[in-house]
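Notes to accompany the following structure.
The values are calculated or read from the model by the stated rules, or taken from the named source; none is laboratory data. Quick caveat, the model's predicted, so the values are computed rather than measured. Here the Cβ is made from the backbone with ideal geometry for all residues, glycine too, and neighbour counts use every protein chain on show.
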Amino acid sequence: MSLIASAILAPLSAAPLILLLRRLPAALALLGAGVGLLASLGLLVDASHGIGDALILPGLPDLPLRLVATPLTALLSSLVAVISSLVLVYATGYMKQDSEKPRFFAIMLFFVSAMQTLVLAGDWILLLAAWELIGLASYLLIGFWYRRPGVRSAATRAFLVTRSADLGLYIAVFILIAGAGSSDIATTLDTGGRAAVAAGLLLLIAAMGKSAQTPLHDWLQRAMAGPTPVSALLHSATLVAAGAILLIRTAPMLPPEVLLAIGIVGGITSVVTGLIALGEPDLKRLLAASTSSQYGLMLVAVGAGVPLAALLHLIAHAAIKSSLFLGAGVFQHSRDSTALTELAGAGRDRPRIFAGFALAALALAGIPPLSGFYSKDAVIAAALASTKAPILASLALAGTLLTGAYMARTLRVLWRGSGKRRDIAGLGWMGAGLAGLVILAIFLGAAFPAVERLLSVRLPENTLAQVLGLSAALGGLALGWLIPARRLLGPLLPWAQQGFALAGGLDTWMVRPALAVARGCEQLERQLYAGVLAVGRLGLGIGQAVRRSDDRVIDGLIFSLARATVNLGHRARTLQSGLIHRELAVTAVGTVLIFVPLFIALLIF
Amino acid sequence: MPSLVSITLFLPLLGALLVMALRKAPAQVVHSIGIVVSGLTLTGAVLMWSRGVNETGFAQLEQFDWMPAIGAAYRVGVDGISLPLVLLSALLFFVTFIYSAKVRERSHAYVVLLLLLETAAIGTFTALDAILFYVFFEVSLVSMYFMIAGWGHEDRQRAALMFFLYTLLGSLPLLLAILGLYLGSDPHTFDMRVWIDKPPLTGTAAMPALVAMLFTFAVKTPVFPFHTWLPAAHVQAPAAGSVILAGVMLKFGTYGLIRFALQMTPGAFRDAGIAILVLGVVSALYGAFAALAQSDLKRLIAYTSVNHMGYIIVGVAIAALALDPAIRATALDGSVLQMVSHGLVTGALFFLVGMLQDRARTREMDRFGGLLKVTPLLGWSFVLAAFASLGLPGLAHFPAEFQIFLATLRVEPVADVVILGIVITAGLYLKAISRVFLGEPREQWAGMADLNVREVLALGPLLILIIALGIAPAWVLDIIHQTTAALRF
């Protein structure tokens, strides 16, 4: 079997196996993910030697499905495989006490294979399919503990928001296929003119939904209802990454006006969600807001015309953010809560976990020589080099400053104060998964030149960017450590804690109008039904009226005719009295009455 | 020796006669006869499938004289549009017989009616003579009327009568149109193939015929605002009746729309294309919104039928408006596939609601909760079918709707606003899943039994095909595409 198929099918085939056997779910999951990882790395090695791979599958008439391994897709596939394998190692420990492990691991593997399909897809239909399937998988994972309060609405909301935005992808795909006459992604990237503008803007909408960009950022914070390994996977290399990956892959097609829109959306998101993270009282929700913020920075890089910078930040962020979530999961198990007030001092209890968490936090802030420094530097350099540098670079630097501030705030909370420490089952597995990811978060920066070579693109060098980026990061860290978030945010605090929802957010703008229309339809429906019944009744009424008229008028006529006849009979009977002389007289009169007209008639004619 | 088509067509009728002859047989025997006969019919349909269709028109033809004086004959055959529907019908009847094996109330009459209905359904899809078509089309009404009136729920009499009168009155215009086409053909004939090859009515004469046909098929499909019989009939019909009604009988409308309206009056259809398109768009969106407002699970699914059938109307209208044969083929491929998908998905959903109602004696969503824990098999089956119905890729509706929407964008981009429907259906199904299956299980339903073997056997084939059709639609699309790619009008 080809490597490209194995990368998808290995995790996919392990999923039903787990459900059927219901034994050793974690071991089977690791096996499936491991084989998939080897296949992905094989693709990457091949790609680095200039060997591509492609698989064409039957799809719709004239629109076959394609999987392609190019340097970019192979790299993304490896990223997904590495991160998901390490998260699964961690989950082996995290889910140790859960009674529904088979379901958990089966959905996780399904999720991984759907994401592999998405990154390896060579045509729009397969990409769209995978895009929606990761939505399903995240719905099932966010709703994993479906009996707990609040979980179902979180899962429902995540699916609905992303699906609404997915309409953008649907229409964009139709436009691109209609324009190119083919669903091959590489072919459609030649699209130009108005079609490219329309498709580009629609792709941006789809990406905003998946990557939780302002104003569609709200669902991601709520999605924290799922198990922590799910969050680690969702936020790093899978669901949320899909939006940025979409824009990175289509970047060659995007016209300048679309790029500007992407950059501005990303920049605004990185500031807005950065502020939300700064004011957030819950650790996992803080990390979720931070995810939106970092994806905002990637969009800035795409908007600045340097998708490679976005890709590097995506790679670095994947390792960093999954490390942070996995660390947060340990703290959560140890305090049975994710509220920052409950977590005070949780880091000091477990110094090794805290060390990993802190390294990842510093990497996210952009401190050298950790990976985040290089990627963030690339983003800022891209923004500075763009024609819209004043807007994009200032937003990117503000986002960087805020990253430092909220990470410092988190570290301070975790280190200061004290609370009750609880023993945790499965810490070994959790530590192993976390360690692997933290190592990546630290050293991935060293691999970036190799990525540049692989993709044959050079990043712009810019000392100014390094200086500015580093000062923003250090400034942010200092602010966050020294000044309480309350004072930093000032009057913005209550607004930030509401998630900057615009006048009630999604509910006001989408859910309520839809429900109102639905109620309107239902009312119309009742009226229509009543109308049909009324027509039916009218028919019955006419029928009854006819029957009544039958009774009175026609029947009446008939009956009165009958009565008249009977009466006539009665009268006639009186004639037949039986008296001979009267009978003779009647006969004579009758004969005369008959013969007189006859005579008259004969005389006339 | 009669042809395979005729054997498949009349097997259920023979089965019905057999059941009528065995008046003293116990219910189990009667149900076994139903299952075996419908199983044989399904085998016949599969054999028909394996013989396939050809690109030049109808395949597997059989013909002999019936009323030669007026040009009516027994003519049957299939093409890429009707063959998938024959297979779908045979399958749905087979699983319906399995599901119905529990019916103890007047089981003789029940099995006879269902078998009659099966012959009527397959006859409607295979008839190539307009009189024959009309006979099958009407006979199905009678059987369904008795199904609803005899084995339905609370308010069944009224619903059955409404269904019967509505669709009976609805089908009269079709008779007029058939007469018009007959009188327009030269020499006079009821041969549908002749009418398709050389449309008898053209110009202004075609428009009244089209309007008459549109009315009939709009009632049958049903299209807003002629759909009011549907929720009433579905809610009151027994689960098996709902499955056949939604899965098979609604397709009479869309099949007729393609076979009669589009193929026999193509010019007039093109002239009226925009109006029909608007009707389809409004119907699809209206059905979705009306479904969103429901609290009765069965009504909800009934309204999503209006939504899904609306997409088919859109697809057919786009096919008529498209000038490029490739786009036309895409639109029709999607429309025909959507009929198959809808049959499988809605069939499964009505079975599941029926199973819920058998257990809980209610269909109100708010009275349930947490059932995923209590009845995992039922719950996950519902989740799968619901996600299929909301158009998730990898499941049956996606390839069909994708093709319809793609063709729509290429012909009338504005009409693609109909795609909003997939978000609304997502919302309403997630709401239903959340209310019925998620959350903490209620005490009241703690003892609810999960699916039994009979129910798994009825549902299983549908769910497997929903996935098979979603992942690899090619095995059905190849048959459909052979015909749609060759259509010239």
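Structure values in brief
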item	result
Residue count for the stretch B:428-448, restricted to those that are surrounded by fewer than 24 Cβ atoms within 10 Å (Cβ to Cβ) and either at the interface with chain A (Cβ under 9 Å from one of its Cβ atoms) or not in a helix (DSSP H, G or I) (or both)	10
Which listed residue is assigned to a helix (DSSP H, G or I), touching a helix residue (DSSP H, G or I) at 6+ places or on another chain (Cβ under 8 Å), free of Cβ contacts under 8 Å to residues at least 40 places away in the same chain and of a type in the set (Phe, Trp, Tyr), from B:93, B:136, B:97	B:136
Residue satisfying all of: in the stretch B:453-479; among the small types (Gly, Ala, Ser) and away from every other protein chain (no Cβ under 14 Å); farthest from residue A:62 (Cα to Cα) among these	B:458
Options B:269, B:289, B:224: the member that is outside any helix (DSSP H, G or I) and closer than 22 Å to residue B:416 by Cβ	B:224
Residue within the stretch A:281-299 that is touching a residue at least 60 places away in the same chain (Cβ under 8 Å), part of a loop (DSSP other than H, G, I, E, B) and touching a Gly at 6+ places or on another chain (Cβ under 7 Å) present	no
Matching residues, the stretch B:344-382, being free of Cβ contacts under 8 Å to residues at least 60 places away in the same chain, within 14 Å of another protein chain (Cβ to nearest Cβ), crowded, with 19+ Cβ neighbours inside 10 Å and of a type outside the set (Gly, Ala, Ser)	B:382
Residue match in the stretch B:241-264 (condition: over 20 Å from the mean Cα position of the chain (by Cα) and either surrounded by 24 or more Cβ atoms within 10 Å (Cβ to Cβ) or closer than 25 Å to residue B:79 by Cβ (or both))	yes
Whichever residue in the stretch B:422-448 is farther than 17 Å from residue A:161 by Cα and in contact with a Lys or Arg (Cβ under 7 Å, 6 or more places away or on another chain) and, among such residues, is modelled with the highest pLDDT	B:438
Residue ID - nearest to the other protein chains (Cβ to nearest Cβ), chosen from residues in the stretch A:110-158 that are part of a loop (DSSP other than H, G, I, E, B) and aromatic (Phe, Trp, Tyr)	A:146
Test for residue B:87: is it modelled with pLDDT of 90 or more, under 19 Å from residue B:244 (Cβ atoms) and not small (Gly, Ala, Ser)	yes
Residue satisfying condition, being free of Cβ contacts under 8 Å to residues at least 12 places away in the same chain and surrounded by fewer than 19 Cβ atoms within 10 Å (Cβ to Cβ), within set B:47, B:13, B:61, B:17	B:17
Contacts under 7 angstrom Cβ, first residue in the stretch A:142-155 being under 17 Å from residue A:238 (Cβ atoms), partner of a type outside the set (Ser, Thr, Tyr) and in a loop (DSSP other than H, G, I, E, B), 6 or more apart	A:142/A:226; A:143/B:438; A:144/A:226; A:144/A:227; A:155/A:143
The one condition in (1) over 14 Å from residue A:11 (Cα atoms); (2) surrounded by 21 or more Cβ atoms within 10 Å (Cβ to Cβ); (3) among the aliphatic types (A, V, I, L, M) that residue A:57 fails to fulfil	(2)
Residue within the stretch A:217-236 that is without any contact (Cβ under 8 Å) to a residue 60 or more places away in the chain, buried (at least 24 other Cβ atoms within 10 Å of the Cβ) and either aliphatic (A, V, I, L, M) or touching a helix residue (DSSP H, G or I) at 6+ places or on another chain (Cβ under 9 Å) (or both) present	no
Subset tally (residues that are hydrophobic (A, V, I, L, M, F, W, C), more than 8 Å from every other protein chain (Cβ to nearest Cβ) and in a helix (DSSP H, G or I)) for the stretch B:383-427	13
Residue B:285, sole failed condition from (1) surrounded by 24 or more Cβ atoms within 10 Å (Cβ to Cβ); (2) more than 19 Å from the chain's Cα centre (by Cα)	(1)
Near pairs, Cβ below 6 angstrom, 6+ apart or cross-chain, from the stretch B:324-339 (under 17 Å from residue B:125 (Cα atoms)) to any residue that is among the aromatic types (Phe, Trp, Tyr)	B:338/B:311
Which listed residue is among the small types (Gly, Ala, Ser), in contact with a helix residue (DSSP H, G or I) (Cβ under 9 Å, 6 or more places away or on another chain) and within 14 Å of chain B (Cβ to nearest Cβ), from A:10, A:91, A:106, A:81	A:106
Spans of helices (runs of 4 or more DSSP H) in the stretch A:453-554 with at least 2 residues of a type outside the set (Ser, Thr, Tyr) and within 14 Å of another protein chain (Cβ to nearest Cβ)	A:512-549
Qualifying residue in the stretch A:185-195 (condition: away from chain B (no Cβ under 14 Å) and closer than 18 Å to residue B:393 by Cβ)	yes
Identity of the residue in the stretch B:449-463, assigned to a helix (DSSP H, G or I) and hydrophobic (A, V, I, L, M, F, W, C), that ends up nearest to residue B:99 (Cα to Cα)	B:458
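To keep it simple, each residue is scored yes or no on (1) part of a helix (DSSP H, G or I); (2) farther than 18 Å from residue B:413 by Cβ.
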{"site": "A:175", "(1), (2)": "yes, no"}
{"site": "A:178", "(1), (2)": "yes, no"}
{"site": "A:182", "(1), (2)": "no, yes"}
{"site": "A:190", "(1), (2)": "no, yes"}
{"site": "A:197", "(1), (2)": "yes, no"}
{"site": "A:201", "(1), (2)": "yes, no"}
{"site": "A:205", "(1), (2)": "yes, no"}
{"site": "A:208", "(1), (2)": "yes, yes"}
{"site": "A:212", "(1), (2)": "no, yes"}
